[in-house]
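Remarks on the structure that follows.
The values are calculated or read from the model by the stated rules, or taken from the named source; none is laboratory data. Computed from a predicted model, the values in this text were never measured in an experiment. Reconstructed Cβ throughout: ideal geometry from the backbone, glycine too, with neighbour counts over all protein chains shown. Quick note on the areas: whole protein, heavy atoms, side chains included, nothing else; ligands and nucleic acids left out. Shrake-Rupley method; radii C 1.70, N 1.55, O 1.52, S 1.80 Å.
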Amino acid sequence: MRAAIAIVKKDLRMEFRSKESILAMWIFSLLIFVIFNFTFEVSRLVMLEIAPGLLWVAFVFSGMFGLNHSFALEKENGNLRAMALMPVDGGQIYVGKFLSVTLIMLMFEALIFPVFIIFYDLQLSLQTFKLIPVLLGGTIGFTSLGTILSAVAVHTRNQQILLSLLLWPLVSPIIIWSVTLTGMVLGGEITASFYPLLTRVVAFDVIFFTLSYMLFDFILED
Amino acid sequence: MRSKIDKFLLIVLFPAFLTCMYLIFQWVPQIKASNPAEQIAQRIFYFHVPSAWLGFLAFFVVFCASVAYLATRNRRYELISVASAEIGVLFISLVLITGPIWAKPVWGIWWTWDVRLTSSLILWLIYVAFLMLRRYLPDGSKRANLSAVVGIIGFIDVPIVYYSIRWWETQHPKAVMASSEGSLAAPMFFAFMFSLATFTLLYVYLIRKRYQLLKLEDMLNKQFKEMEIL
């Protein structure tokens with residue numbers, strides 16, 4: 001576990017010093033809100049209905065920044081090879097990268113959420129706290145697959161577009177579930193299907209985290 | 001590289017497809033439908049469903065070959081997975097084309113975001129990405145490893161994608177074969193099974209040909225490399 005923790009520490013320290021990812025993701029999300037406002041000039045009522053989807057569009061598009069950045073950084077300085085040579089299990093490297101990307105993304109989400117609330121004038125209540133497991137589950141699903149596919153795409157000439165092509169169809173279940181759950185919480189209508197849906201999100205997270213953990217060794221190998 | 005098996009397959013496939021055409025367009029009785037366009041459109045079912053079945057079969061082969069590759073590091077399995085992914089994308093493309101052709105006269109629309117339609121499209125996108133990944137990577141063991149990993153993750157994702165869209169209302173006709181009503185009449189069932197068998201045979205032929213071609217490409221590349229060294 002020590003190698004994983006070392007990677008998380010290194011990534012977070014770099015992020016806090018440069019603030020490259022979080023800042024870019026935050027500004028980009030802001031832009032998405034602005035562009036959406038222009039492209040879909042809809043009434044406030046309709047806006048409330050599409051707000052959960054918009055939030056996840058912002059998360060997913062911006063999340064690509066974080067994921068691309070995470071491995072591009074390693075490649076730049078030949079770090080990827082150094083990591084492959086480390087005398088630890090490949091899974092540990094996966095866990096380290098996964099944790100750092102997830103933490104950075106969660107921080108970004110915490111920073112953009114207030115802006116989202118203000119822009120769309122959403123009502124907060126005690127129920128809004130139920131959004132925390134939703135955001136956590138959705139983000140983990142996105143980053144668990146995103147981390148391994150980012151490690152795959154980094155070897156290609158066209159890293160950024162390829163990561164989107166690979167990742168988006170695969171994470172579509174997570175996006176569908178997360179948007180539905182977010183809609184339930186923000187609309188104040190938590191129905192009986194809330195917890196079963198949340199369980200599916202967790203199941204997705206567990207399946208793809210485990211699978212990626214097992215397969216990561218093959219990606220590092222030359 | 002021309003083997004006897006390939007020749008035999010070709011000789012069988014040709015009359016088999018002709019028989020298929022006869023069965024589908026002449027022999028099978030007309031279905032009862034108020035709309036005449038629907039009666040004709042229904043016959044697309046004999047192409048649509050076998051294509052879908054082949055797509056799934058092909059992607060299952062990609063998954064198995066990917067696992068086999070990572071376990072054995074035999075280049076042979078890598079080539080099989082690529083060949084099968086290409087054929088799978090081809091047949092799912094056919095599904096995505098024949099579906100709307102049928103849907104327009106029957107439903108009145110080309111496309112709807114229904115479970116089966118959406119999940120077929122996502123399935124297609126997953127394997128197109130798989131093939132594109134290979135295009136962007138230089139040849140070598142790295143490429144083989146990376147694409148095998150994606151081949152495994154992609155296949156495991158497929159049922160989850162289907163399941164995630166499922167609780168939306170579906171418009172798509174039910175699987176007539178599996179349902180208890182079993183509304184498929186005997187001649188239709190026969191024509192369908194015949195078409196299914198012919199398509200499966202076509203898959204076997206195509207994957208053998210594609211595999212041989214990839215192997216030849218490989219040999220040529222190796223020879224070029226040797227010449228460069230000299």
Review point. Restricting the stretch B:132-141 to residues that are open to solvent by 40 Å² or more (accessible area, probe 1.4 Å) and not small (Gly, Ala, Ser), which is farthest from the other protein chains (Cβ to nearest Cβ)?
Key: B:139
Point to revise | residue A:116, sole failed condition from (1) more than 10 Å from chain B (Cβ to nearest Cβ); (2) open to solvent by 10 Å² or more (accessible area, probe 1.4 Å); (3) within 27 Å of residue A:195 (Cβ to Cβ) | key: (2)
Check your understanding: Out of all the residues in the stretch A:119-130, is one or more modelled with pLDDT of 85 or more, open to solvent by less than 50 Å² (accessible area, probe 1.4 Å) and of a type outside the set (Ser, Thr, Tyr)?
Key -> no
**Study point:** Pair list, Cβ < 9 Å and 6+ apart or interchain, from the stretch B:77-97 residues that are in contact (Cβ under 8 Å) with a residue 24 or more places away in the chain to residues that are among the acidic types (Asp, Glu) and open to solvent by 20 Å² or more (accessible area, probe 1.4 Å)
**Key:** B:79/B:218
Exercise for review: Among the candidates B:147, B:120, single out the residue that is within 10 Å of another protein chain (Cβ to nearest Cβ) and either crowded, with 20+ Cβ neighbours inside 10 Å or closer than 19 Å to residue A:159 by Cβ (or both).
Suggested key: B:147
Check your understanding: Hey, does the stretch A:208-221 have a residue that's within 10 Å of chain B (Cβ to nearest Cβ) and under 17 Å from the mean Cα position of the chain (by Cα)?
Key -> yes
Practice item. State all residues of the stretch A:139-170 that are in a helix (DSSP H, G or I) and open to solvent by 10 Å² or more (accessible area, probe 1.4 Å); if no residue qualifies, say none. Key: A:140, A:159, A:160, A:161, A:164, A:165, A:168, A:169
Review point. Scanning for something under 30 Å from residue B:143 (Cβ atoms) and part of a helix (DSSP H, G or I), does the stretch B:17-25 turn up at least one residue?
Key: no
Review point. Which is closer than 24 Å to residue A:37 by Cβ and polar (S, T, N, Q), of A:128, A:139, A:147?
Key: A:128
Revision key, fill the gap. For the stretch A:148-178 the number of residues that are farther than 19 Å from residue B:157 by Cα and away from chain B (no Cβ under 11 Å) is 1
Point to revise | Among (1) under 26 Å from residue B:118 (Cα atoms); (2) at pLDDT below 90 - the single one residue A:174 does not satisfy | key: (2)
Practice item. From the list A:78, A:96, pick out the single residue that is without any contact (Cβ under 8 Å) to a residue 24 or more places away in the chain and among the small types (Gly, Ala, Ser). Key: A:78
